[in-house]
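The values are calculated or read from the model by the stated rules, or taken from the named source; none is laboratory data. Since we're looking at a predicted model, the values are computed, not measured. Don't worry about glycine lacking a Cβ; one is built from the backbone with ideal geometry, like all the others, and counts go over all protein chains shown. Side chains included, ligands, DNA and RNA excluded: accessible areas come from the protein's heavy atoms. Shrake-Rupley method; radii C 1.70, N 1.55, O 1.52, S 1.80 Å.
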Amino acid sequence: MPSTTRRTRRRDTPPPRTGNSETEVLRGFLDHLRTSIAAKVDGAPEPQVRTAAVPSGTNLLGLLGHLTCVERSMFLGEQVDDWQATFQASPQDSVDDVVARYRDAVERANRVLDGCTDLGAPVPRPQLDHPAPSIRWALTHMIEETGRHAGHADILRELIDGSTGR
């Protein structure tokens, strides 16, 4: 934990107001979480952003790199062979690089989702070695995955520089 912690309080953003359809609610909450975690990593200082602050080795930059891989796997059909490795950013990657890759993956995933009208249909992605989940399941899983890691990111960012809020 830093010895001199500067508290930076951001205005906490409430959950989104969405339309009433199931699709609007699911996508609205997912996009809210996506924006929150990208903002939590954006502007974090080096080298703390990639330094493990807990015994598991979890670090802020690694969390966003992992979520980039999850987005690409779930909605774009990219194969991931070693999920644990997705939690480690390359030493050559800057914070801006990792944030930009995440935002690009989200944008590409949203383009796929924009064409989906039936939440019960499978995610339209290249065939992997197993069937694609339903769009409803994929959105729910991404809300859970992104929310869980956004909570980790909140704690890690506060440990780094005292920044709090979404």
Taking Cα atoms, the helix 60-76 axis meets the longest principal axis of the chain at an angle in degrees (rounded to 10) of 10 degrees
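Counting only protein heavy atoms and using a 1.4 Å probe, what share of the accessible area of the stretch 25-104 belongs to carbon plus sulfur, as a whole percent?
It is 55 percent, rounded to a whole number.
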What ranking, highest mean first, results for peptides 34-42, 93-101 when packing means the other Cβ atoms within 10 Å averaged over each residue? 34-42, 93-101
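Taking only the alpha-carbon atoms of the chain, what semi-axes of the equivalent ellipsoid follow from 5 times the gyration tensor eigenvalues under a square root, in whole Å, largest first? If you can, show how the numbers build up before the last one.
Values: eigenvalues 168, 75, 27 Å².
They are 29, 19, 12 Å, listed from largest to smallest.
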Rel. contact order, % - alpha carbon contacts under 8 angstrom, at least six apart, the chain: 38 percent
Fully extended, how many nm does the chain gain between E144 and T51 (0.36 nm per residue separation, minus their Cα-Cα distance)? 31.0 nm
What is the helix-to-structure angle for 135-161, meaning the angle in degrees between its Cα long axis and the longest Cα principal axis of the chain, kept from 0 to 90 and rounded to the nearest 10? 0 degrees
At 1.4 Å probe size, what's the solvent-accessible area of L33? Round to the nearest 10 Å². 40 Å²
Residues of the stretch 104-125 with amide N under 14 Å of a point placed 7 Å along Cα→Cβ from V80: 105-106
With the cut-off at 1.5 for a/c, could you classify the stretch 68-133 from its C-alpha gyration tensor as rounded, prolate or oblate? oblate
Whole-Hz ³J(HN,Hα) for each residue in the stretch 27-40, computed from phi via Karplus 6.51 cos²θ - 1.76 cosθ + 1.60 with θ = phi - 60°, x for glycine and proline: what do you get? 5, x, 5, 4, 5, 4, 5, 4, 5, 4, 6, 5, 5, 5
Solvent-accessible area per residue for the stretch 89-166 at a 1.4 Å probe radius, Å²? 51 Å²
Angle between the chain longest axis and helix 95-114 axis [Cα atoms, degrees, rounded to 10]: 20 degrees
